[in-house]
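Scroll down for the structure; my scribbles are underneath it.
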Amino acid sequence: DRPPTNTDKALSLLPYLFPLLDSLPYANSLLANHPDNPAAQLLAAAYFAYQSVPLSGFLAFLSLSFLSGVPRINRLVRYNMLQAMYLDVALFVPGVFALLVGGASQLTGQAIPVELVASTNTALFATTLAAILYSSISSVAGQEPDKIPFVSKIVKDRMPSVEMFKDWLDEQKSSMDDNDKNGNGLK
């Protein structure tokens, strides 16, 4: 792969809009406490635009998944596409946990303190935002943001390389040559 150009570096930041927008519900208490903040207003507007498109999260996931496998796209951009996808998937786990705890709370009649919910949500949003900021700074510097625990390892393990494509093509060619030698080729 070639070194990333400035355009590649800028493009590598765009996939992080996906987990950022999906993490905004966890920032509800932060945004509600600062309604006059221009950043909060911008995030709220972006979130409502994102949510107004039916299946926007699913479409973003499919797009990033497909594009991350296109070898013509610079490796840094593809790496960030995969990492943004996995950061977004990681947001699914606390969401499911919250549903289970909320359901158990209703069944037992035990209320979960509002402060606990707000602080947990804020911590989750802050963690996601920190991962996005780290990834963005690394990407602008032209480096793969490969230090996010768990997520970066998964991305590295699934990141297709040019060598992988070359090996696959060689295997296909070898298989076709074997078929031709055995008389099983196309005629």
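The values are calculated or read from the model by the stated rules, or taken from the named source; none is laboratory data. Quantities reported herein were computed from a predicted structural model and do not represent experimental measurements. Because the Cβ atoms are built from the backbone with ideal geometry, glycine has one as well, and the counts that use them run over all protein chains shown. Ligands, DNA and RNA are excluded from the accessible area calculation, which covers all protein heavy atoms including side chains. Shrake-Rupley method; radii C 1.70, N 1.55, O 1.52, S 1.80 Å.
Being touching a residue at least 60 places away in the same chain (Cβ under 8 Å) and over 20 Å from residue 127 (Cβ atoms): is that true of residue 11 here?
Numbers: touching a residue at least 60 places away in the same chain (Cβ under 8 Å): yes; over 20 Å from residue 127 (Cβ atoms): yes.
In short, yes.
Got a number for residues in the range 144-178 being surrounded by 14 or more Cβ atoms within 10 Å (Cβ to Cβ) and more than 15 Å from residue 84 (Cα to Cα)? Walk me through how you get there before you give the answer.
Of all residues in the range 144-178, those surrounded by 14 or more Cβ atoms within 10 Å (Cβ to Cβ) come to 144-146, 148, 151-152, 154-155, 159-160.
Checking which are more than 15 Å from residue 84 (Cα to Cα) leaves us with 160.
Total satisfying the criteria: 1.
Return the only residue of 136, 152 being touching an Asp or Glu at 6+ places or on another chain (Cβ under 7 Å), touching a residue at least 40 places away in the same chain (Cβ under 8 Å) and small (Gly, Ala, Ser). Show your work before the answer.
On the way: 136 fails: touching an Asp or Glu at 6+ places or on another chain (Cβ under 7 Å).
So the residue among 136, 152 that is touching an Asp or Glu at 6+ places or on another chain (Cβ under 7 Å), touching a residue at least 40 places away in the same chain (Cβ under 8 Å) and small (Gly, Ala, Ser) is 152.
For a quick check of your reading of the model, give me the residue pairs whose first member lies in the range 40-64 and is surrounded by 14 or more Cβ atoms within 10 Å (Cβ to Cβ), whose second is at pLDDT below 95 and outside any helix (DSSP H, G or I), with beta-carbon atoms closer than 7 Å and at least 6 apart or on different chains.
Final answer for the pair search is 40/34.
Matching residues to (1) free of Cβ contacts under 8 Å to residues at least 60 places away in the same chain; (2) in contact with a Phe, Trp or Tyr (Cβ under 6 Å, 6 or more places away or on another chain):
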residue	(1), (2)
79	no, no
82	no, no
104	yes, no
132	no, yes
156	yes, no
163	yes, no
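On the basis of being of a type outside the set (D, E, K, R) and either assigned to a helix (DSSP H, G or I) or open to solvent by 30 Å² or more (accessible area, probe 1.4 Å) (or both), does residue 112 make the cut?
Numbers: of a type outside the set (D, E, K, R): yes; either assigned to a helix (DSSP H, G or I) or open to solvent by 30 Å² or more (accessible area, probe 1.4 Å) (or both): yes.
It is true that residue 112 is of a type outside the set (D, E, K, R) and either assigned to a helix (DSSP H, G or I) or open to solvent by 30 Å² or more (accessible area, probe 1.4 Å) (or both).
Out of 32, 45, report the one residue that is over 22 Å from residue 134 (Cβ atoms), of a type in the set (A, V, I, L, M, F, W, C) and at pLDDT below 90. Full working, then the answer.
On the way: 45 fails: at pLDDT below 90.
Result of the check over 32, 45: 32.
Pick out the one residue from 135, 139, 105 that is open to solvent by less than 60 Å² (accessible area, probe 1.4 Å), more than 14 Å from the chain's Cα centre (by Cα), modelled with pLDDT of 95 or more and not aromatic (Phe, Trp, Tyr). Explain how you work it out, then say what you get.
Details: 135 fails: more than 14 Å from the chain's Cα centre (by Cα); 105 fails: modelled with pLDDT of 95 or more.
So the residue among 135, 139, 105 that is open to solvent by less than 60 Å² (accessible area, probe 1.4 Å), more than 14 Å from the chain's Cα centre (by Cα), modelled with pLDDT of 95 or more and not aromatic (Phe, Trp, Tyr) is 139.
Could you tell me which residue of the range 5-39 is nearest to residue 73 (Cα to Cα), considering only residues that are open to solvent by 50 Å² or more (accessible area, probe 1.4 Å) and among the small types (Gly, Ala, Ser)? Give the derivation first.
Applying the first criterion (open to solvent by 50 Å² or more (accessible area, probe 1.4 Å)) to the range 5-39 yields 5-7, 10-11, 13-14, 17, 25, 28, 30, 32-39.
Narrowing the set further to residues that are among the small types (Gly, Ala, Ser) leaves 10, 32, 39.
Numbers: 10: 13, 32: 39, 39: 31 Å.
Out of the qualifying residues, it is 10.
Residue 123 - would you say it is surrounded by fewer than 16 Cβ atoms within 10 Å (Cβ to Cβ), in contact with a Phe, Trp or Tyr (Cβ under 9 Å, 6 or more places away or on another chain) and either aliphatic (A, V, I, L, M) or assigned to a helix (DSSP H, G or I) (or both)?
Against the criterion (surrounded by fewer than 16 Cβ atoms within 10 Å (Cβ to Cβ), in contact with a Phe, Trp or Tyr (Cβ under 9 Å, 6 or more places away or on another chain) and either aliphatic (A, V, I, L, M) or assigned to a helix (DSSP H, G or I) (or both)), residue 123 qualifies.
When the residues of the range 65-97 are filtered to those that are touching a Lys or Arg at 6+ places or on another chain (Cβ under 9 Å) and over 14 Å from residue 11 (Cα atoms), which remaining residue is surrounded by the most Cβ atoms within 10 Å (Cβ to Cβ)? It would help to see each step written out before you state the result.
At the first step, the residues of the range 65-97 found to be touching a Lys or Arg at 6+ places or on another chain (Cβ under 9 Å) are 67-71, 74-77, 79, 82, 86.
From what is left, the residues that are over 14 Å from residue 11 (Cα atoms) are 69-71, 86.
On the way: 69: 15, 70: 11, 71: 14, 86: 19.
Out of the qualifying residues, it is 86.
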